[in-house]
């Protein structure tokens, strides 16, 4: 069986980001505010080099969100 | 000839001595009926190689309980409840949004998740509101990606709702 997120063409990273957001929004107001302020932790960044020059630095999650 | 006899006597004596000092790896490693649990998020460490008795995880292939000396495996996790039975006899329940559980040799369990909160920190009210909103989007006329996104949210929210009851 193919998972729904895979059928929709999402990456696993994107799927997890959506699931995590739903979890954060379901919290009680106190912990929710704290979690929303922190947001999705985006620590993995990458830069594409072309012709010996670095391009723009992007986070993995912003890139998979654009897909 | 005399030296050879002495050497032979020493050789004979050895097996006894070996038996006296024989000790297995498992004994040296301490009690083997506990599993070392690490539960980590990108922003927080909830358990750091803590000894627990049992961990029930919602794996993609079905719910499973992990005890000490479990066979090594890697499991993808569904959004769901993870049940941790601690040494003191108490148990803690967390809801996690998906991730991976790795059972390593030597009774070690490592769980990586994006978000994970104690069940008490969820608000049934907020879940209900979010669910209503996601259902509206899913049955609306938005883009295909929006609908797929809403469907994922519904799946997660329904899992939370089921675990709060």
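Just so you know, all these numbers are worked out from the coordinates, no wet-lab data involved. In this text the structure is predicted, and so the values were computed from the model without any measurement. With ideal geometry, Cβ positions are generated from the backbone for all residues, glycine too; neighbour counts draw on all protein chains shown.
Does region B:102-124 include one or more residues that are touching a helix residue (DSSP H, G or I) at 6+ places or on another chain (Cβ under 9 Å) and more than 10 Å from chain A (Cβ to nearest Cβ)?
Yes, region B:102-124 contains a residue that is touching a helix residue (DSSP H, G or I) at 6+ places or on another chain (Cβ under 9 Å) and more than 10 Å from chain A (Cβ to nearest Cβ).
All but one of (1) farther than 25 Å from residue B:45 by Cα; (2) free of Cβ contacts under 8 Å to residues at least 40 places away in the same chain hold for residue B:124; which doesn't?
For residue B:124, the failing item is (2).
Give the residues of region B:111-132 that are farther than 15 Å from residue B:95 by Cα and surrounded by fewer than 15 Cβ atoms within 10 Å (Cβ to Cβ), sorted by residue number.
Selection gives B:125, B:128, B:129, B:132.
Considering only residues that are in contact with a strand residue (DSSP E or B) (Cβ under 6 Å, 6 or more places away or on another chain) and not in a strand (DSSP E or B), which ones fall in region B:41-67?
Selection gives B:60, B:67.
Which one is farthest from the chain's Cα centre (by Cα), of the residues in region A:19-42 that are at the interface with chain B (Cβ under 8 Å from one of its Cβ atoms) and farther than 20 Å from residue B:164 by Cβ?
My answer is A:38.
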